[in-house]
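**Q** Dropping a structure here in structure tokens format, bear with me for questions.
The values are calculated or read from the model by the stated rules, or taken from the named source; none is laboratory data. Just so it is clear, the model here is predicted, and its values are computed rather than measured. Cβ: placed from backbone, ideal geometry, glycine included. Neighbour counts: every protein chain shown. The accessibility values were calculated without ligands, DNA or RNA, using every heavy atom of the protein model including side chains. Shrake-Rupley method; radii C 1.70, N 1.55, O 1.52, S 1.80 Å.
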Amino acid sequence: MPRIVLFIDPPAFCTTVEELAAPGLRTRPIVVAPPGADRAVVLALSAEARRAGVSRGMPVRQARKLCPDLVLLPPNPALYARASRALHQILRVYAPVIEPRGYGHAFLDLTGTGLLFGPAIDVAERVRREARERLRLPLSVGVAANKLVSQAATAVVKPEPLLEVPGGTEAGFLAPHCLDVLPDLHPRMRSRLDDYQLELIGEVAAIPETALCAVFGGAGRILRARARGIDPRPVLPPEQQLEFHLSHTLATDTNDLGVLHQLLRVMSERLGRRLRHRGLAAGRLRIEATYADHTDVARAVPLRAAMLDVELWEAARRAFTLANAKRLAVRSVALTLDRIVEAEAQLELWGTQGRKRAETPLRPCAPAPLQSALDRIRARYGTRAIGITVRR
């Protein structure tokens, strides 16, 4: 049975939601960026700001020079998450499997739903219409046989809101487009392709695999496959995702361990809540840090039972200590939990005296009572309701 994947792309989602919450902002050039930071960059922007020359990742100082009447809004994750949940209520009607991709964005696997809902292109149109009527959210939708091509379709669909790429035509569809259309192309790889004066996806697809591997190693094989529209990745719901990832760009570069350790605590708690909410555990934590000179370091450490926030935090600090070999200021930090398993059982911590370790019975794995209580307090009063003081 041929796969059918939809990619849902609400244009300028964050700023559109801000405008819906405050109608007075409509038609104004808006950017979302951390306030009061000396190195703040644009995280999201409206179409009006884009037309003024502002782009995502641009320093706020530069954006203000390009657009003096720019409206600067602080990030509002709670508002964006609430709007995303409302949109997903519509998507769940049509798709048995949904993979969220950031605020508002999602992959939908419609494979096998044709008899129930009709052609995928009709489903895409109904989703667009319902989102517009019920939520006043505009959507661009790409329809294809895999995730990569459906996402690429939304990048070239504008100003039209809907595009279907029939199965078997993926390579031909991608070939005439610039490399910016290829999703998830690493900036370093893109820069290297620029060095070779390669601008179009079709130009990369025509290069022999051996030549690409000579330049990029094993990643060259994946690059060529994706340039030809080949993408075997399944659409996975959050509870089946192979890893949990969280990244944060600091408003100001710093090598202050007090600031960095506090950031790691907050990030660890967020990842811990995600795991516990889905009844999962992770076997490894990986940290990546980017310095002010744009160099990167990474380190991974094993986890015994990553169900408690304090365990994740300790592992994150240990990994950072091992990875942090420079005295430069840190610009961004990313944490990834992988080797995900269902937290169904773990070894009994205290076995019967004299019992061999191999004979220790299994028991259901659940967060400690204190951790459960903390989760309930934070769920009711917010994540800042409880602080942690570390005694040295």
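**Q** With a ≥ b ≥ c the root eigenvalues of the C-alpha gyration tensor of region 1-48, is it rounded (a/c under 1.5), prolate (a/b larger than b/c) or oblate?
**A** Numbers: a/c = 3.66, a/b = 1.78, b/c = 2.06.
Because a/c hits 1.5 or more and a/b fails to exceed b/c, region 1-48 counts as oblate.
**Q** Return the whole-Å distance between the Cα centroid of region 98-173 and the Cα centroid of region 22-84.
**A** If we compute the Cα centre of each part, the gap is 27 Å.
**Q** Also, quick follow-up: Quick check: the distance between the Cα centres of region 184-206 and region 248-275, to the nearest angstrom?
**A** 33 Å
**Q** I've got another one for you. Top to bottom by accessible area (1.4 Å), largest first, where do Lys65, Lys326, Lys147 land? If you can, show how the numbers build up before the last one.
**A** Working: Lys65 170, Lys326 80, Lys147 10 Å².
Solvent-accessible surface, decreasing: Lys65, Lys326, Lys147.
**Q** Something else: How would you rank 202-214, 258-270, 4-16, highest first, on the average number of other Cβ atoms within 10 Å across their residues?
**A** Details: 202-214: 14.8, 258-270: 17.4, 4-16: 24.2.
The densest-packed peptide leads the list: 4-16, 258-270, 202-214.
**Q** Does region 187-332 come out rounded, prolate or oblate, given a ≥ b ≥ c as the square roots of the eigenvalues of its C-alpha gyration tensor, rounded meaning a/c under 1.5 and, failing that, prolate meaning a/b above b/c? Walk me through the numbers on the way to the answer.
**A** Numbers: a/c = 2.70, a/b = 1.51, b/c = 1.79.
Oblate is the answer for region 187-332, as a/c is 1.5 or above yet b/c matches or exceeds a/b.
**Q** Give me the percent relative contact order of region 135-246, please, defined on Cα pairs under 8 angstrom at least 6 residues apart.
**A** Details: 133 pairs, mean separation 28.3, N = 112.
About 25 percent, as a whole number.
**Q** If packing is taken as the average number of other Cβ atoms within 10 Å across a peptide's residues, how do 182-188, 272-278 rank, most packed first? If you can, show how the numbers build up before the last one.
**A** Working: 182-188: 13.4, 272-278: 18.3.
Listed from highest to lowest mean packing, they are 272-278, 182-188.
**Q** Among Thr113, Val97, Pro2, whose Cα lies farthest out toward the positive end of the dipole of region 1-123, if unit charges sit on the beta carbon of Lys, Arg (+1) and Asp, Glu (-1)?
**A** Val97
**Q** Report the charge-dipole magnitude of region 254-325 in Debye, nearest 20, computed about the Cα centre from +1 at each Lys and Arg Cβ and -1 at each Asp and Glu Cβ.
**A** Values: 12 positive and 8 negative charges, 94 e Å.
Magnitude of the dipole: close to 440 debye.
**Q** Ok, one more. Does region 56-189 come out rounded, prolate or oblate by the C-alpha gyration tensor, with a ≥ b ≥ c the root eigenvalues, rounded set by a/c under 1.5 and, if not, prolate when a/b is larger than b/c and oblate if not? Kindly include the intermediate steps, with their values, before the conclusion.
**A** Working: a/c = 2.19, a/b = 1.30, b/c = 1.68.
In terms of gyration-tensor shape, oblate.
**Q** Once the piece of chain linking Thr252 and Arg136 is laid out straight, how much longer is it, given 0.36 nm per residue of separation minus the C-alpha distance between them?
**A** Details: separation 116, 0.36 × 116 = 41.76 nm, distance 3.61 nm.
Full extension from Thr252 to Arg136 adds 38.1 nm.
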